[in-house]
Amino acid sequence: MVTSQLPLWSDKDAAEGWSVRESQRARRLTVRVFHTGRVEVVVPSRTSARAVERFLERHRSWIERKREEARRRAGPALPFPPPRIELPACEETWLVHLADGPLRARIAASGAGLLTLAGGLGNGQSLRHALRRWLTERARQVLAPLLAECACELGFSYQRLLIRRQRTRWGSCSTRGTISLNCCLLFQRPAVVRYLMIHELAHTQHMNHSRRFWHCVARHCPEYRGLDRELLDGWRRVPDWVFGDEAA
Ligand SMILES: [Zn+2]
C-alpha cells in the first residue's frame, strides 16, 4: 500500500483532506479535486510511492488551482446545526429547532416543516448523524414515489430502489435492475431530479453510455444536456453537514 507514504505538501494539506485510493481496475494514476477541496488520488495496485510522488509533482499547479477555485466558491462556513434546510426537489423548507434531551441526538419531524433535534447538543457528530439519517429517510419518502411514477409514465421497469449518501455519484443502475439514488438529490431542482431518474431508468435498457442510450434519454428528456451539466455542478448546492467532518 502506498497510502502511508503519500507525499503531502504540508500539514495543512493533510488536515484539508487528501486520500489515496488503490484500485484494482485503475489503469493509470488519476487525481480528482472535489468541490470541498478534498483531493483523491486513484492509483493502480502496486504503484510505487515514488511514482505517486512524481505524478503529484507533475500535476501540482493544476491541483492547487482547482483547490483555490473550490475555496473561493465555498465562501464562509455556515453555522451548524443549520437553522433551516431547503429541499428544492420537493419544494420544502424545514426549520430546525434545538431542544434539550439525552446525550445521543434524536430527531423528530412534524408535518409542518419543523425538525426538532433533541439531545446531543454538545456533540456535533451525533447531531450530524441524526440529520443525515433524517435526510436519507426523507429522500426515500420523496424519491421512491417519483421514480415509480416516472417509470410507469415512460414505460420502464426496475427491481428496487436504494437510497445512498455518496460523495461522488448521483445515481446508478445495476444489471439486476436496482436503481440507487443519492439522497443529495433533494437539494436539486425537480427538473434535474427527473432527468437523473430518466438517465438511470434508461440504463435498465442500455447498460452503457452509447449513442442509443443517449437517444433514449433524449426522447424522454430533450433538455438533458443542460440538466446534466447542472447536476454535475449540483454538489455545490449540498450543505456542508451532509458530508462534513467525516474521515476523508
Ligand atoms: Zn449513466
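Laboratory data are not the source of any read-out in this text; all were calculated from the coordinates shown. Predicted, not measured: the structure shown is a model, and the values here were computed from it. With ideal geometry, Cβ positions are generated from the backbone for all residues, glycine too; neighbour counts draw on all protein chains shown.
Values computed for the structure shown
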{"read-out": "Helical mean residue ellipticity (222 nm; -39500 (n - 2.57) per DSSP H run of 4+; nearest 500) of the chain", "value": "-12500 deg cm²/dmol"}
{"read-out": "Segments 37-49, 206-218 sorted - mean Cβ within 10 Å per residue, highest first", "value": "37-49, 206-218"}
{"read-out": "Ratio of the Cα radius of gyration of the chain to 2.2 N^0.38 Å, where N counts its residues", "value": "1.14"}
{"read-out": "Modelled FRET efficiency - R0 35 Å, residue 137 with residue 157, Cβ distances, 0.05 increments", "value": "0.90"}
{"read-out": "Rough spin-label spacing in nm, given labels placed 7 Å along Cα→Cβ, for residue 129 and residue 53", "value": "3.9 nm"}
{"read-out": "Mean Cα-pair separation over length for region 185-246, i.e. relative contact order, pairs under 8 Å, 6 or more apart, %", "value": "42 percent"}
{"read-out": "Solution diffusion estimate, µm²/s, Stokes-Einstein, region 106-187, Kirkwood Rh from C-alpha pairs, 20 °C, viscosity 1.002 mPa s", "value": "150 µm²/s"}
{"read-out": "Rel. contact order, % - alpha carbon contacts under 8 angstrom, at least six apart, region 84-242", "value": "18 percent"}
{"read-out": "Vicinal HN-Hα couplings computed from phi for region 164-179 (Karplus, 6.51 cos²θ - 1.76 cosθ + 1.60; Hz; Gly/Pro x)", "value": "10, 10, 10, 7, 10, 10, 8, x, 7, 9, 8, 5, 8, x, 8, 9"}
{"read-out": "For peptides 158-171, 188-201, sequence by mean Cβ density within 10 Å, most packed first", "value": "188-201, 158-171"}
{"read-out": "Stokes-Einstein translational diffusion, region 188-228 - Kirkwood Rh over all Cα pairs, 1.002 mPa s, 20 °C, in µm²/s", "value": "214 µm²/s"}
{"read-out": "Net dipole in debye of the chain [+1 Lys, Arg Cβ; -1 Asp, Glu Cβ; about Cα centre; nearest 20]", "value": "860 debye"}
{"read-out": "Cut-off under 5 Å, modelled amide H: who pairs with residue 164 long-range", "value": "181, 182, 183"}
